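The values are calculated or read from the model by the stated rules, or taken from the named source; none is laboratory data. Quick caveat, the model's predicted, so the values are computed rather than measured. Methodologically, a virtual Cβ is constructed for each residue, glycine included, from the backbone with ideal geometry; neighbour enumeration extends over all protein chains shown. Just so you know, the surface numbers come from the protein's heavy atoms only, side chains and all, with ligands and any DNA or RNA stripped out. Shrake-Rupley method; radii C 1.70, N 1.55, O 1.52, S 1.80 Å.
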Amino acid sequence: MLQFDRLIVLLPALALAVWAGAADAQWVFLARRAVGRIEQMSQKAPDGKTAFDTATVIVDVPAARVYETVQKSLQAVAGITIISDDAPTRRVEFTDGSRNAAIQSIALGDKLTQILVSSAHVAGPDATTSTIVERIIGVCRRMNVECTPGA
């Protein structure tokens, strides 16, 4: 009878572990389908004076390598000043004098990373999303991965 009681406790625990692993695997599978596709969004504040641009891409590269590549890329661009560099969160904030932006490398797995870029600036006729996308493509090239703008 004691073995039967153990079996009753062990089977649900084993089933839960298998289910959790399968759910995690499905999430990673979905993320992998989006690898290299840059998604972007622009928005203006209600007052119409400030605009916000955001872009994101998932790459098949470890987060530490992405962060290091972002740092080197920003240091190589003339006119860019790094405002803040936070290694624990892999987040770099920078400015070109008229626009402030931040790039964060978010680990989704051992070798799967989301690059998230956001920018705030004075609203004008030219959106910065295209500049952000160009910068992401440049970072991807430096890591020898292909990134393309989403549909």
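The GluC sites (Glu not before Pro) of the stretch 38-141 include none that meets both conditions, a loop assignment by DSSP and at most 13 other Cβ atoms within 10 Å of the site Cβ. Shown for the stretch 46-151: the carbon plus sulfur share of the solvent-accessible area, taken with all protein chains present and a 1.4 angstrom probe, equals 51%.
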